[in-house]
Amino acid sequence: MEKVMTITGYKSYELNIRTSQDMRVDIIKYALKQSIVAFVENGGEWILTSGQIGVEIWACQVAQELSKDYQLKYAIIPPFENQQERWSESDQQAYQQIIEQADFYDVIYKGKYKGAYQYTAKDNWLINKSDCCLILIDEEYPGSVQYFLNKAKEQVVQQNYSIHYITPFDLEEIVRQWQEINPEY
């Protein structure tokens, strides 16, 4: 049974999303919500992320909202301290808010960024501590999340690990549903 799920995907700038008011954020959050609710209703208990800007922060915001109605917890495990120091002020505020509300927070490496190996260690830790993952990705244009996906695919072969996807097709379907529910969009 899948009790712990890592969630990752594109960073907001990889999607060319510059503000949380962008309509695409609502659509992505809606997709995340559907997947997280299905996970929880099938016995899921924990969401893990590293708290990166974009999909991971949005997933934590959704988990925080859902924890009011479901037995759901979330953890943020960044690869190093102060990963947010080069982010915009609004992204830093969103990050601080999800950390304050998180059920668990710790860093993989104490101190600042020292090298790419810290991201590799973060990916390995998240995969080893979870039963499955949810990835928002277009495999034709994988961006930085491809490194996590490649490691997750290795885990599928080596262990009983599941990869769940949110694809561009899924998002297009949600836009159609969204437009039916919210004609003003």
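The values are calculated or read from the model by the stated rules, or taken from the named source; none is laboratory data. The structure displayed is predicted, hence computed values, not measured ones. We place every Cβ from the backbone using ideal geometry, glycine too, and count neighbours over all the protein chains shown. Accessible surface areas use protein heavy atoms only, side chains included; no ligands, DNA or RNA. Shrake-Rupley method; radii C 1.70, N 1.55, O 1.52, S 1.80 Å.
Heavy atoms only, probe 1.4 angstrom, no DNA, RNA or ligands counted: give me Val156, Val145 ranked by accessible area, highest first.
Correct descending sequence by accessible area is Val156, Val145.
List, in order, the whole-Hz ³J(HN,Hα) value for each residue of segment 82-94 obtained from phi through the Karplus relation with A = 6.51, B = -1.76, C = 1.60 and θ = phi - 60°; use x for Gly and Pro.
Those phi angles translate into 6, 4, 8, 5, 9, 7, 5, 4, 5, 5, 4, 5, 4 Hz.
Which of Val157, Val62, Val107 moves the most in a Gaussian network model of the chain with Cα springs under 10 Å?
Checking each option, the largest mean-square fluctuation is seen for Val157.
So what is the accessible area of the chain per residue, in Å², with the probe set to 1.4 Å?
54
Taking all pairs of distinct Cα atoms, average 1/r, flip it, and tell me the Kirkwood hydrodynamic radius of the chain in Å to one decimal place.
This gives a value of 16.7 Å.
Loop only per DSSP, at most 10 neighbouring Cβ atoms within 10 Å: give me the chymotrypsin sites (Phe, Trp or Tyr not before Pro) in segment 21-123, ordered by residue number.
none
For the chain, set up a Gaussian network in which alpha carbons nearer than 10 Å are linked by springs, and say which option among Lys151, Lys73, Lys110 fluctuates the most.
Judging by the Gaussian network model, the answer is Lys110.
How many percent of the alpha carbon pairs in segment 58-159 exceed a separation of 22 Å?
Beyond 22 Å sits 39 percent of the P(r) for segment 58-159.
Going through segment 78-180, which GluC sites (Glu not before Pro) have at most 13 other Cβ atoms within 10 Å and a DSSP loop state?
Glu85, Glu139, Glu140
When the helices in the chain are scored as -39500 (n - 2.57) per DSSP H run of 4 or longer and the sum is shared across all residues, what 222 nm value do you end up with, to the nearest 500 deg cm²/dmol?
-14500 deg cm²/dmol
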